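Okay, structure first, notes after.
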Amino acid sequence: MARLIFLGPPGAGKGTQAAIVAESLSLAHISTGEILRSAVRQGTPLGQEANTYMAKGDLVPDTVVLGLVKASLQQLTPDQKGWILDGFPRNYSQAQALDGILVDISQSSDCAINLDVIDDILISRLLSRGRQDDSESVVRNRLQVYRDQTAPLIDFYESRNHLVSINGSAQVDEVTRRIQEAIQQRVAV
């Protein structure tokens, strides 16, 4: 059983790595970004609300995200041996709310894995994705929002001896290898 939180700036490879690691360890991959983008594509009320924030590169309000995360954590299938949270928590209040959610559902997280990548690489990666919400001005705003709101979580998890930082600038397979080694050292999988 592994319960992991993936941290890192936009473009660090959280989604790519979470998908690879989730598949290799039979974990649920819970991506708040994918959940939100799906709601936007479907035009749901939640998706419409989320889109007003996402289009500007701002974070979607906690109240919208918290319910999605709790429901996802409660809907694991019997073949899944834990989970990876990809894109959540994004700020201190979400991290505290996650602690409460995990207590409510009698679970805990094993570690937070931080993918560390320099800005030049992040900007290049994000602009090359070709997503509608990834114009250069939006990308730069997203990185600033990350630095202001999400980066403090590195200290939050480090203070709990819960953080593992991985250089995410390398090739995908090398980053995956580093993550899997870190998981093996921290979690009995």
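Rounded to the nearest 20, the size of the Cβ-charge dipole of the range 48-113 about its Cα centre is 60 debye, with Lys and Arg at +1 and Asp and Glu at -1. By the equivalent-ellipsoid construction on the alpha carbon gyration tensor, the range 87-183 comes out with semi-axes of 26, 19, 12 Å, ordered largest to smallest. Using alpha carbon centroids, what distance separates the range 1-74 and the range 134-189, in Å? The range 1-74 and the range 134-189 have Cα centres spaced 15 Å from each other.
The value for the range 56-120 of Rg(Cα) / (2.2 N^0.38 Å) is 1.24. Partners of residue 81 within straight-line reach, counting lysines whose Cα lies under 25 Å from its Cα and excluding those fewer than 8 residues away in the same chain: 14, 70. The largest accessible area among 118, 183 belongs to the first residue in 118, 183, and the rest follow in falling order (1.4 Å probe, all chains).
Computed over the chain, the per-residue total of -39500 (n - 2.57) for DSSP H runs of n ≥ 4 gives a 222 nm mean residue ellipticity of -16500 deg cm²/dmol, rounded to 500. Counting only protein chain heavy atoms and rolling a 1.4 Å probe, the accessible areas of 162, 29 rank, largest first, as 29, 162. Dipole magnitude for the range 1-140: computed about the Cα centre from +1 point charges on Lys and Arg Cβ and -1 point charges on Asp and Glu Cβ, it is near 220 debye. In plain terms, the bigger the Kirkwood radius, the slower the diffusion; for the chain, with that radius from Cα pairs, at 20 °C and 1.002 mPa s, Stokes-Einstein puts D at 128 µm²/s.
Derived from the Cα gyration tensor, the three semi-axes of the equivalent ellipsoid of the range 37-89 are 24, 12, 9 Å, largest first. Each Cα pair under 8 Å and six or more residues apart adds its separation to the average, and for the chain the resulting relative contact order is 35 percent.
The values are calculated or read from the model by the stated rules, or taken from the named source; none is laboratory data. Computed from a predicted structure; not experimentally measured. For neighbour counting, all protein chains shown are included, and Cβ atoms are generated from backbone atoms with ideal geometry for every residue, glycine included. Surface accessibility is based on the protein's heavy atoms, side chains included, excluding ligands, DNA and RNA. Shrake-Rupley method; radii C 1.70, N 1.55, O 1.52, S 1.80 Å.
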